[in-house]
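Any read-out appearing in this document is the output of simple, stated calculations on the displayed coordinates, not a laboratory observation. None of these values were measured; they are calculated from a predicted model. Neighbour counts are summed over all protein chains in view; Cβ atoms, including those assigned to glycine, are modelled from backbone coordinates with ideal geometry.
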């Protein structure tokens, strides 16, 4: 599994070991400031899905699910913003 | 955005752009709401990196037909809306983004339905493998406007997403006569029941003029039923080129075993014979006989009427001639597609299709020869039986038209004029356009094409207005240029360029102004003046089609 791919919103081919976490930071693109109150959903290509809210700094840690999936799709949403 | 597996960052920043609220309403033709329509918003995406996945850009309409979304970035350069629903066709109108923003955007869908049916024979047994075509209201013409399908093992067929309108349905199957049915497509239309009849045999024998059978003649149906009154048809429309074809056997025969009762138009074609098109035939107790004559061949010579020398290049055109009794004669037009070009004063002609198709008696022929610098010549009318005749044309040289170009002066350097010959023509005939260029002594211009090196070649351009009436039938021709030591090819003195044009078939009678431009660069031994464009204009009278 040589590569990781970013796409819609963010699709990662994982090279991380199981149990590691990808730290994601959600920003307001217009103001370049952390976006509190956003929700992040991530889904594996096996169909597993989890959702968590970011903290006041717009941060969230995404644990790599068990079984080392090939890819992880991450979608961040907040009312008033394009995902 | 792509990373090697060992360089995936432990942290990543995802930037969300402010979004805008867009909404609209989807209705049917009567303005009623369409619920459950899928609305897809299409807007620019990044070429790389995070993006909005397509499945996240769709919403559905609610029971009131309304939809809204909050995922399109405020700064999107464009927003396109696609609306789909299984019972409706997609609207094609663009909606301004302002209407999406203020919620007034309306999408009016057009209903479509599934058209289902079943084909049976005259005993009620399902016919599998029948071909079903769905034309427009008045006819079926193979192509994109007439989708086709085939019945399944139970004789069933289906067309999806058919608009609510009248359509002509055609069915053909082995062992049965074809059928045509006018269908008014509407919602909740019950499956159609198409019952095919056996039809009756249409027996045809194709023979030559000696009555001998011709094997291997290709026979095809052009049209069924034939136009009224020949067909005496009560059918609701017409099926063009339905694909029914046969080939005659060793006895020159073929049988359309299950022909419909109405008259159809058939074409008979074989190499070496003059084809017969649009022959009206219908089933009968006997056998119809179609006679094919040999293809029309002719040959001859075209000589200069003064010198008796062969004319180096000429055109032979043909038209039909019909005697209509009481001394009336009907002459066809000189159509572009009947023209043939020859060189060296000799020609041989072969036409394997009549110039006038249809069920009439074979027509007679007339030929016209045209050549640059000569008046055109007409042949006598050749009876159809005179196939193989030799014709001799003697073309009278035609003096060049007077162009009245004043002699140039050292100050003027160049003077030009234009004329067309003849000044009045009919569609299908040709004219020659002459352009005269007079250069003052000591000046030259460059050759038409190969001007040598980077010198500016002389070019003559027909305007768009001229090309609406005339179509070039030869290249521009002019005097032979002089090759110079510096490899340039020059022209000097009084020069005449000419080009033959064909008067287009659709040219309407009337007087036409014919503008042209001449682009040239005048030089002398010491220097060259900037290239210049000279506008010229002449006029041409186009007459009606009658001879």
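Once you have a ≥ b ≥ c as the square roots of the Cα gyration tensor eigenvalues for the range B:191-254, tell me rounded if a/c is under 1.5, and otherwise prolate or oblate according to whether a/b is larger than b/c. It is prolate, given that a/c is not under 1.5 and a/b is the larger ratio.
How would chain B be classified by its alpha-carbon gyration tensor: rounded, prolate or oblate, with rounded meaning a/c under 1.5 and the a/b versus b/c comparison settling the rest?
oblate
Over chain B, dividing the summed -39,500 (n - 2.57) contributions of all DSSP H runs of at least 4 residues by the number of residues returns a 222 nm mean residue ellipticity of -500 deg cm²/dmol.
Relative contact order, whole percent, for the range B:112-195 stands at 39, derived from Cα pairs under 8 Å and 6 or more residues apart. Across the alpha-carbon atoms of the range B:500-547, the computed radius of gyration and Dmax are 17.6, 57 angstrom. Shape summary of the range B:112-195, radius of gyration then Dmax from alpha carbon positions: 11.9, 34 Å. Three principal axis extents describe the C-alpha atoms of the range B:343-475; from largest down they are 67, 28, 28 Å. For the range B:154-200, the alpha-carbon radius of gyration amounts to 1.27 times the rule-of-thumb value 2.2 N^0.38 Å expected for a compact globular protein. For peptide B:73-82, the mean count of partner chain Cβ atoms within 10 Å of a residue's Cβ comes to 1.
Residue by residue along B:14-26, Cβ atoms of other protein chains within 10 Å of the local Cβ number 5 on average.
How many partner chain Cβ atoms sit within 10 Å of a residue's Cβ in peptide A:30-36, on average, as a whole number?
Numbers: counts 7, 2, 2, 0, 1, 3, 0.
Across A:30-36, the average partner-chain Cβ count within 10 Å equals 2.
Using only the alpha-carbon atoms of the range B:98-252 as identical scatterers, what base-10 log of I(q)/I(0) does the Debye formula give at q = 0.11 Å⁻¹? For the range B:98-252 at q = 0.11 Å⁻¹, log10 I(q)/I(0) is -0.55. Inverting the pair-averaged 1/r between distinct Cα atoms of the range B:200-291 gives 13.3 Å as its Kirkwood hydrodynamic radius. Its alpha carbons give the protein assembly as shown an Rg and a Dmax of 38.0, 105 Å. Its relative contact order, with pairs defined as Cα atoms under 8 Å and 6+ residues apart, puts the range B:507-547 at 52 percent. Here the contact order of chain B, divided by its residue count and restricted to Cα pairs under 8 Å and six or more residues apart, works out to 8 percent. Note on the range B:174-205 and the range B:322-338: Cα centroid distance 41 Å, given to the nearest whole angstrom. Relative to its residue count, the range B:56-149 spans a Cα convex hull of 193 Å³ per residue. Across the range B:269-424, the volume of the C-alpha convex hull divided among the residues equals 170 Å³ per residue. In whole Å, what is the distance between the alpha-carbon centres of the range B:89-162 and the range B:372-438? Rounded to whole Å, the Cα centres lie 57 Å apart.
A P(r) calculated from all alpha carbon pairs of the range B:283-344, with 10 Å bins opening at zero, reads 15, 27, 29, 19, 6, 3, 1 percent.
Highest mean packing first, where packing is the average number of other Cβ atoms within 10 Å per residue, the peptides A:23-35, B:88-100 line up as A:23-35, B:88-100.
Considering the range B:19-108, its Cα convex hull presents a mean projected area of 5.8 nm².
Distance from the Cα centroid of the range B:238-288 to that of the range B:458-492 is 52 Å (rounded to whole angstrom).
Spread over its residues, the convex hull of the C-alpha atoms of the range B:414-542 is 95 Å³ per residue.
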